[in-house]
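A quick write-up on the structure given underneath.
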Amino acid sequence: MKTILKIFYCIVACLTLTACSSTKKAEKSASSVPATNTKQADKRVVTFFFHGWGSSINAEKQMVNAAKQAGVTKDVLTVIVDSNGVAHIQNAISKQAKNPIVKVGYLDNENTNYHTDAKYAYAAIMAVQKQYHYKKMNLVGHSMGNMSIMYLLMDYGKRKSLPKLEKQVDIAGHFNGIIAYDKTSYTTLNHDGKPEQMNNIYKELLKMRSLYPKGVSVLNIYGNLNDGSNSDGIVSNVSSRSLKYLIAPHVKSYTEKEILGKMGQHSKLHENKQVDQVLIKFLWNK
């Protein structure tokens with residue numbers, strides 16, 4: 001009987017050692033498994049481009065192509081938002097895409113209700129978010145595209161579903177009016193960048209002094225024809241530079257870049273190689 005018990009205990013001990021060894025191997029194997037797609041998505045940043053009034057994704061092509069040529073990415077999505085605010089993704093990219101870019105186009109491209117434009121921007125971002133699950137984003141706007149961004153952050157910025165904003169690039173922004181329509185466009189800025197006179201849009205944007213997300217790096221690009229107008233022909237430099245006061249309390253960094261000469265004209269800024277270089281350096285350090 002004792003002999004049988006000894007044999008039994010030996011068998012149990014061997015089985016226990018084998019199980020422990022298998023567990024350690026499994027733990028070691030698990031620790032060497034690559035990060036999940038969710039963790040990879042946490043590290044990836046998607047960059048959205050928004051065009052101006054009466055324009056389209058064509059206004060975004062040169063900047064996007066310049067980024068591709070600089071080796072930033074190979075993956076570009078196109079999203080078209082219809083007049084009902086429904087976003088339609090036109091193509092597909094790899095879910096492991098590096099530095100993906102999204103060109104956003106509005107079919108209702110002459111809408112000056114900026115809350116509606118914000119709805120369009122949100123629809124585009126959430127359509128991409130639903131399909132690719134990005135956690136972080138950059139936003140680039142030209143002219144009225146900047147209003148899409150600012151009103152997006154005003155109206156939807158607190159929603160947890162919105163990817164975290166890392167960097168923002170504003171090109172030819174008319175935050176305090178357009179020369180042809182607003183007397184405030186040529187007001188003066190105090191030492192904090194606050195306009196002495198404000199149009200109704202700017203007064204509404206003052207909410208951003210408390211709503212703007214913390215920790216964002218911002219690049220503000222504006223054109224100066226260098227002809228004495230202190231403008232890009234459409235927007236005064238004062239109006240463009242008035243952005244600073246709206247976001248200064250919360251930004252990680254704020255940088256202004258003036259583009260001088262004929263290529264600083266309002267509509268030429270998105271076709272400007274100097275703008276391309278500055279933008280690419282700022283967003284992707286290329």
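Computed values, structure above
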{"read-out": "Residue among 7, 89 that is of a type outside the set (Phe, Trp, Tyr) and at pLDDT 50 or above", "value": "89"}
{"read-out": "Subset of segment 249-283 [within 27 Å of residue 196 (Cα to Cα) and either out of contact with any Gly (no Cβ under 7 Å at 6 or more places or on another chain) or at pLDDT below 95 (or both)]", "value": "249, 250, 251, 253, 254, 255, 256, 257, 258, 260"}
{"read-out": "Residue match in segment 202-214 (condition: closer than 28 Å to residue 61 by Cβ and touching a strand residue (DSSP E or B) at 6+ places or on another chain (Cβ under 7 Å))", "value": "no"}
{"read-out": "Segment 248-264: number of residues that are out of contact with any strand residue (DSSP E or B) (no Cβ under 6 Å at 6 or more places or on another chain) and of a type outside the set (Gly, Ala, Ser)", "value": "4"}
{"read-out": "Those residues of segment 250-269 which are open to solvent by 70 Å² or more (accessible area, probe 1.4 Å), touching a helix residue (DSSP H, G or I) at 6+ places or on another chain (Cβ under 9 Å) and either among the aliphatic types (A, V, I, L, M) or in contact (Cβ under 8 Å) with a residue 60 or more places away in the chain (or both), in sequence order", "value": "263"}
{"read-out": "Residues satisfying the stated conditions in segment 145-199, i.e. surrounded by fewer than 22 Cβ atoms within 10 Å (Cβ to Cβ) and closer than 18 Å to residue 54 by Cα", "value": "178, 179, 180, 181"}
{"read-out": "Residue in segment 96-117 that is without any contact (Cβ under 8 Å) to a residue 24 or more places away in the chain and closer than 30 Å to residue 285 by Cβ present", "value": "no"}
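The values are calculated or read from the model by the stated rules, or taken from the named source; none is laboratory data. Note that the coordinates shown come from a computational prediction; the quantities given were computed from them, not determined experimentally. As a convention, Cβ positions derive from the backbone with ideal geometry for all residues, glycine included, and neighbour counts pool all protein chains shown. Only protein heavy atoms, including side chains, enter the accessible area calculation; ligands, DNA and RNA are left aside. Shrake-Rupley method; radii C 1.70, N 1.55, O 1.52, S 1.80 Å.
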